[in-house]
1. Looking at the stretch 23-78, which of its residues are among the polar types (S, T, N, Q) and within 17 Å of residue 92 (Cβ to Cβ)?
2. Grab the helices (runs of 4 or more DSSP H) fully contained in the stretch 29-115, keeping just those with 1 or more residues being at pLDDT 85 or above and loosely packed, with under 15 Cβ neighbours inside 10 Å.
3. What are the residue pairs meeting all of these: first residue in the stretch 19-40, first residue hydroxyl-bearing (Ser, Thr, Tyr), second residue surrounded by 18 or more Cβ atoms within 10 Å (Cβ to Cβ) and at pLDDT 85 or above, Cβ atoms under 8 Å, and 6 or more apart or on different chains?
Amino acid sequence: MERDIRPRQYREGDQRTNVELITNHAKVLCCLMGNPTATGSKIARELGLAPRTITQIIKELKETGIIKVERIKGPGNRGRGGSTLYNVDPQTVFPSIGIGNLELGKFFDCINQIK
């Protein structure tokens with residue numbers, strides 16, 4: 001008898017039916033491309049993730065150069081005197097092995113067509 005090496009959620013008899021093909025990083029990027037001034041808590045509510053998860057993902061996206069963070073002076077969120085603008089260059093090459101030279105903008109255009 002062969003051993004089933006598939007992840008547990010794909011094995012026979014498992015009740016889990018949700019299969020997610022898009023990572024949380026891609027979901028956050030999609031939110032930021034649609035609303036560059038979105039707050040972490042707003043993104044967390046929209047995606048159903050913890051705010052700390054969003055903070056960590058944004059940090060990782062910033063560290064890899066996928067997004068650039070800019071502070072905007074003026075009245076902002078919760079009286080902090082400004083807000084944050086997340087810049088996502090749609091011509092950035094997708095940061096994944098196996099995707100080739102697919103640009104982020106083209107990737108998200110494909111995703112938006114599915115909606």
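1. Filtering the stretch 23-78 for residues among the polar types (S, T, N, Q) gives 23-24, 35, 37, 39, 41, 53, 55-56, 64, 77.
If the condition is that a residue be among the polar types (S, T, N, Q) and within 17 Å of residue 92 (Cβ to Cβ), then 23, 64 are the ones that fit.
2. Details: elements: 40-47, 51-63, 104-114.
Hits in the stretch 29-115: 40-47, 51-63.
3. 37/86
The values are calculated or read from the model by the stated rules, or taken from the named source; none is laboratory data. Everything quoted here is computed from the prediction, not taken from an experiment. Glycine gets a Cβ as well: all are built from the backbone with ideal geometry, and neighbour counts include every protein chain shown.
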